[in-house]
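This report concerns only the one structure given below.
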Protein chains: 2
Amino acid sequence: MRPEHADSTASEPFAARRTVEQVEEGLALAPKFDVDGLIPCVTTDADIGDVLMLGYMNRDALQRTIATGEAHYWSRSRQCLWRKGTTSGLVQKVVEMRIDDDQDAVWLRVRVAGSGASCHVGYRSCFYRSVELRGPPEEPTRLVFAETRRTFDPKDVYGDAPNPTQL
Amino acid sequence: MRPEHADSTASEPFAARRTVEQVEEGLALAPKFDVDGLIPCVTTDADIGDVLMLGYMNRDALQRTIATGEAHYWSRSRQCLWRKGTTSGLVQKVVEMRIDDDQDAVWLRVRVAGSGASCHVGYRSCFYRSVELRGPPEEPTRLVFAETRRTFDPKDVYGDAPNPTQL
């Protein structure tokens with residue numbers, strides 16, 4: 001028999017958000033999803049510590065990540081559940097998941113299979129360019145490549161699949 | 001005389017978003033703001049590498065962060081520009097700013113003044129709780145405190161200011 005839990009529902013292992021104290025200091029996951037049903041997720045390399053990507057999860061993606069220990073996201077460009085690495089082989093194994101104070105953001109520390117890359121453009125991190133600080137204010141702010149070479153050619157991995165970047 | 005730049009506007013040092021290739025591989029900052037005019041910002045400790053917070057910037061906050069080298073955000077709870085540390089003294093000095101592939105997320109590597117904390121609840125990181133993976137699916141997912149003590153008492157720092165956490 002399924003145990004009774006005042007804070008759970010049949011469909012998902014998340015607690016209801018009742019008080020600020022419970023959300024900030026409690027011991028049950030009570031995530032806040034935005035108006036689109038999504039929660040942002042920062043994903044970092046568990047060993048090196050750099051930020052690999054910022055993704056989004058819906059309830060299903062968050063639940064599957066917790067249940068399987070592999071990162072799942074909601075693809076906003078394709079509008080579908082996205083088990084990271086299904087196409088590329090670059091599966092993200094979750095070493096640790098954290099939740100922030102008001103439980104509206106997730107942090108995943110992961111180890112990436114294969115080459116270790118997480119970016120569809122072919123770089124290791126999606127954040128492969130630095131932004132120049134305190135440049136001339138009348139000009140567009142300049143970027144500098146912090147990663148200097150791609151780890152793979154996207155055409156080899158994704159073929160003719162549509163590019164997820166949207167203008 | 002102000003130089004002419006096809007990609008700049010009088011009010012802000014951001015380039016227009018014209019092509020996927022320019023956004024992903026170009027050398028000009030062309031950020032994408034969401035329907036609320038915001039771009040998410042992951043902020044990490046420049047030395048230790050852990051994620052301190054996930055904030056949001058509007059155009060003004062992003063511009064001021066680039067111009068001053070101090071982290072500015074848009075406070076969604078207070079609906080105002082927010083120079084981090086004005087109340088608490090915990091100013092974030094930007095060591096490096098990065099932008100992601102499709103330029104819809106910012107990563108700041110910072111050094112924090114004072115105690116080094118960034119969380120309004122008093123912990124060092126906002127992500128002070130780990131989420132238990134692969135727990136019993138019929139129960140609310142459990143959290144474990146990864147940080148065991150607060151670095152300050154929020155009452156001492158913020159007094160009676162409203163708590164930014166929203167249910």
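In this structure, the amide hydrogen of B:Glu96, modeled 1.01 Å from its nitrogen in the peptide plane, lies closer than 5 angstrom to those of B:Arg109, counting only residues at least 5 positions away or on a different chain.
The largest accessible area among A:Thr19, B:Thr43 belongs to the first residue in A:Thr19, B:Thr43, and the rest follow in falling order (1.4 Å probe, all chains). Counting heavy atoms of the protein chains alone, A:Val20 has an accessible area of about 50 Å² for a 1.4 Å probe.
Give me the net charge for the shell around A:Val94: Cβ to Cβ below 13 angstrom, other residues only, Lys and Arg +1, Asp and Glu -1.
Working: positive: A:Arg64, A:Arg83, A:Lys84, A:Lys93, A:Arg98, A:Arg109, A:Arg111, B:Arg134; negative: A:Asp45, A:Glu70, A:Glu96, B:Glu132.
Within the 13 Å Cβ shell, the charges total +4.
Using a 7 Å offset from Cα along the direction of the beta-carbon, what are the separations from A:Arg59 to the same position in each other copy, nm, ascending? The answer, with the shortest distance listed first, is 3.7 nm.
Based on C-alpha pairs under 8 angstrom that are at least 6 apart in sequence, the stretch A:70-124 has a relative contact order of 26 percent. Taking 20 Å as the straight-line reach from the Cα of A:Lys84, the lysines in range (excluding those fewer than 8 positions away in the same chain) are A:Lys93, A:Lys155. Plainly put, the tip 7 Å out from Cα toward Cβ on A:Arg149 is 4.8 nm from that tip on each other copy, the closest given first. Sorted from shortest to longest, the distances between the A:Glu96 label points of this copy and the other copies are 2.1 nm, with each point 7 Å from Cα along the line through the beta carbon. For the pair A:Ser77 and A:Asp60 in one chain, pulling the backbone fully straight at 0.36 nm per residue adds 4.4 nm over the alpha carbon distance.
Couplings for the stretch A:32-44, taken from phi via the Karplus curve 6.51 cos²θ - 1.76 cosθ + 1.60 with θ = phi - 60°, read 9, 9, 7, 4, 8, x, 10, 10, x, 9, 8, 10, 10 Hz in order; Gly and Pro are left as x.
Considering only alpha-carbon pairs that sit under 8 angstrom and 6 or more positions apart, the relative contact order computed for chain B is 17 percent.
Just the number, please: carbon plus sulfur as a percent of the accessible area of the protein assembly as shown, 1.4 Å probe, no ligands or DNA/RNA counted. Carbon and sulfur atoms account for 50 percent of the accessible area of the protein assembly as shown.
Nearest 100 Å² is fine: what is the total accessible surface buried where chains A and B meet, probe 1.4 Å? Show your work: numbers first, answer last.
Working: alone 11040 and 11050 Å², together 15600 Å².
By this definition, chains A and B bury close to 6500 Å².
Chain B comes nearest to the axis taking it onto chain A at the Cβ of one residue; that residue and its distance, in whole Å, are B:Gly49, 1. Solvent-accessible area of B:Tyr56, all protein chains in place: 30 Å² (probe radius 1.4 Å, heavy atoms, ligands and nucleic acids excluded). Isolated cysteines in chain B, defined as those with no second cysteine Cβ under 4.7 Å, comprise B:Cys41, B:Cys80.
Calculated on C-alpha atoms, the gyration radius of the stretch A:39-167 divided by its Kirkwood radius gives an Rg/Rh of 0.99.
Could you sort B:Val95, B:Val51 by accessible area so the largest value comes first, with the probe set to 1.4 Å? Kindly include the intermediate steps, with their values, before the conclusion.
Numbers: B:Val95 65, B:Val51 0 Å².
From most accessible down to least: B:Val95, B:Val51.
The values are calculated or read from the model by the stated rules, or taken from the named source; none is laboratory data. Note that the structure is a prediction, hence the values are computed from the model and not measured. Here Cβ is always computed from backbone atoms with ideal geometry, including for glycine, and neighbour counts include all displayed protein chains. For accessibility, only protein heavy atoms count, side chains too; no ligands or nucleic acids. Shrake-Rupley method; radii C 1.70, N 1.55, O 1.52, S 1.80 Å.
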